[in-house]
Amino acid sequence: EIKDPLEGFLYPGTYAAAKGMKPEAVLKEMVSQAADKYEALDLEAKAKALKLDNPLQVITVASLVEAEGKTNDDYRKMAEVVYNRLDLANPETYGALQFDSTFNYLKGQSNIDISESEIKSNKDPYNTYTQKGLPPGPIDNPGEGALTGTLNPTNQGWYYFVATDGVNKTEF
């Protein structure tokens with residue numbers, strides 16, 4: 001059910017590319033960087049500590065944090081929002097993330113004006129309005145800040161957020 005098997009595995013950064021170099025060479029370097037980074041972070045152990053099923057879910061959470069957060073402080077809070085919302089016993093959300101970013105990912109768009117009927121009629125596994133829990137895989141390629149925030153979430157009771165200026169201000 002993963003839409004793009006490279007999503008989450010192309011580590012963001014600057015990569016050297018010489019004239020005549022094949023794109024595959026850069027892609028391989030990006031995947032290699034991601035593998036090295038994820039191995040150094042010991043995502044297997046981190047997944048267990050964060051009550052996630054596997055390392056892919058850690059990367060998926062980090063991709064959501066990357067998509068929704070704006071600053072390093074936001075990333076930690078956003079990670080807490082994700083973990084709190086995933087809790088099926090949580091009376092605020094009962095496991096529903098309800099993130100616009102996942103709906104936009106499945107539609108291949110970037111839109112903040114999504115109708116409720118459009119959201120409710122789409123049962124895609126990436127639609128976190130109609131499907132509880134995490135989407136099947138990452139929705140982007142998380143960077144250092146999002147990964148750090150995902151592994152070190154705040155513990156302040158955050159469940160909700162709103163981007164107030166669309167650039168770098170998020171209220172929790």
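In the set Ala96, Ala67, Ala45, Ala49, only one residue is aliphatic (A, V, I, L, M) and within 23 Å of Leu10 (Cβ to Cβ); that residue is Ala67.
Looking only at residues that are among the acidic types (Asp, Glu) and open to solvent by less than 30 Å² (accessible area, probe 1.4 Å) in segment 72-84, which one is modelled with the lowest pLDDT?
Among them, the one singled out is Asp74.
Before we move on, is Asn168 out of contact with any strand residue (DSSP E or B) (no Cβ under 6 Å at 6 or more places or on another chain), open to solvent by 60 Å² or more (accessible area, probe 1.4 Å) and under 23 Å from Ala49 (Cβ atoms)? So Asn168 does not fit the description; no. Taking into account only those residues within segment 134-164 that are at pLDDT 95 or above and of a type in the set (A, V, I, L, M), which is nearest to Leu86 (Cα to Cα)? For segment 134-164, the residue satisfying everything is Leu134.
Sort out for me the helices (runs of 4 or more DSSP H) sitting completely within segment 72-166 that have 1 or more residues that are of a type in the set (A, V, I, L, M, F, W, C) and under 30 Å from Glu39 (Cα atoms).
Of the helices (runs of 4 or more DSSP H) lying wholly inside segment 72-166, those with at least 1 residues that are of a type in the set (A, V, I, L, M, F, W, C) and under 30 Å from Glu39 (Cα atoms) span 72-86, 100-107, 144-151.
Remark: pairs (first residue in segment 75-104, free of Cβ contacts under 8 Å to residues at least 12 places away in the same chain; second residue open to solvent by 20 Å² or more (accessible area, probe 1.4 Å) and not in a helix (DSSP H, G or I); Cβ separation under 7 Å; 6+ apart in sequence or on different chains) = Asn104/Ser110; Asn104/Asn111. Limited to segment 5-27, what total is found for residues that are loosely packed, with under 13 Cβ neighbours inside 10 Å and either under 13 Å from Gly137 (Cβ atoms) or touching a residue at least 24 places away in the same chain (Cβ under 8 Å) (or both)? Number of matching residues: 1. Number of residues in segment 32-71 that are within 13 Å of Leu151 (Cβ to Cβ), assigned to a loop (DSSP other than H, G, I, E, B) and open to solvent by less than 40 Å² (accessible area, probe 1.4 Å): the value is 2.
The values are calculated or read from the model by the stated rules, or taken from the named source; none is laboratory data. Computed from a predicted model, the values in this text were never measured in an experiment. For neighbour counting, all protein chains shown are included, and Cβ atoms are generated from backbone atoms with ideal geometry for every residue, glycine included. Please note that ligands, DNA and RNA were not included when accessible areas were found on the heavy atoms of the full protein model with its side chains. Shrake-Rupley method; radii C 1.70, N 1.55, O 1.52, S 1.80 Å.
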